[in-house]
Amino acid sequence: MKAVKTLIREVFTGGDEYWALRDLRYTEVLIAEWCGRLIGFLEYYYTILWGELAGAIYYLGVSRQYRRRGVASRLVLAAEEEFRSAGAAYSIASTKSSNVASRNLFRKLGYVEARDPVMVSELKRALYAYEDDVFFYKRL
């Protein structure tokens, strides 16, 4: 867990760093390693959304020198497998509109950007993503 905390401090600042660290005790974590070194992580949890179980991608981070190599994609796909195994109907995620790489990642992996205000509100609550402004969902 120490390596995950170190990577969180490397890739996030401010509120994102605080919440990603604080909520490690409430989330599950998937990791990506290269030659024994932690290079990426994904924090997730489960929630009920639209009357069904959903896997929520809470935080996703990849070490700067390993970005643009498919690490984040593999972490998201691994999370989706975990979600399916648990019987989840959806995978959900959020980001800020300024995070173009994250937006492109989720679109590439088949996520739909929520535009309906009611749907956005429900996703925002389910993800505890009150500072984010882009919300995604994918039927599993």
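We did not get these values from a lab; they are worked out from the coordinates using the rules stated. Bear in mind the structure is a predicted one, so any value in this text is a computation, not a measurement. Positions of Cβ are backbone-derived with ideal geometry, glycine not excepted, and every protein chain shown enters the neighbour counts.
Straight-line reach from LYS108: taking Cα to Cα under 16 Å and skipping same-chain neighbours fewer than 8 places apart, the aspartates and glutamates in range are GLU80. Computed on the chain, with alpha-carbon pairs under 8 angstrom and 6+ residues apart, the relative contact order is 21 percent. DSSP beta bridges confined to segment 2-139 are antiparallel in about 90 percent of cases. Connecting C-alpha atoms closer than 10 Å in a GNM of the chain, tell me which of GLY87, GLY15, GLY61 has the biggest fluctuation. Comparing GLY87, GLY15, GLY61 in a Gaussian network model of the chain, the most mobile one is GLY15.
A Förster distance of 30 Å, applied to the separation of the beta-carbon atoms of ILE48 and ASP133, puts the FRET efficiency at 0.80.
Restricting the calculation to Cα atoms, every distinct pair contributes to the Kirkwood radius of segment 43-105, found to be 12.5 Å.
With q set to 0.15, 0.20 Å⁻¹, the log10 of I(q)/I(0) for the chain, from the Debye formula over equal scatterers at the Cα positions, is -0.69, -1.30. For segment 72-140, taking the reciprocal of the average inverse distance between every pair of different Cα atoms yields a Kirkwood hydrodynamic radius of 12.3 Å.
Dipole size in debye (nearest 20) for the chain around its Cα centre, Lys and Arg Cβ +1, Asp and Glu Cβ -1?
Values: 21 positive and 17 negative charges, 110 e Å.
Around 520 debye, computed over the chain.
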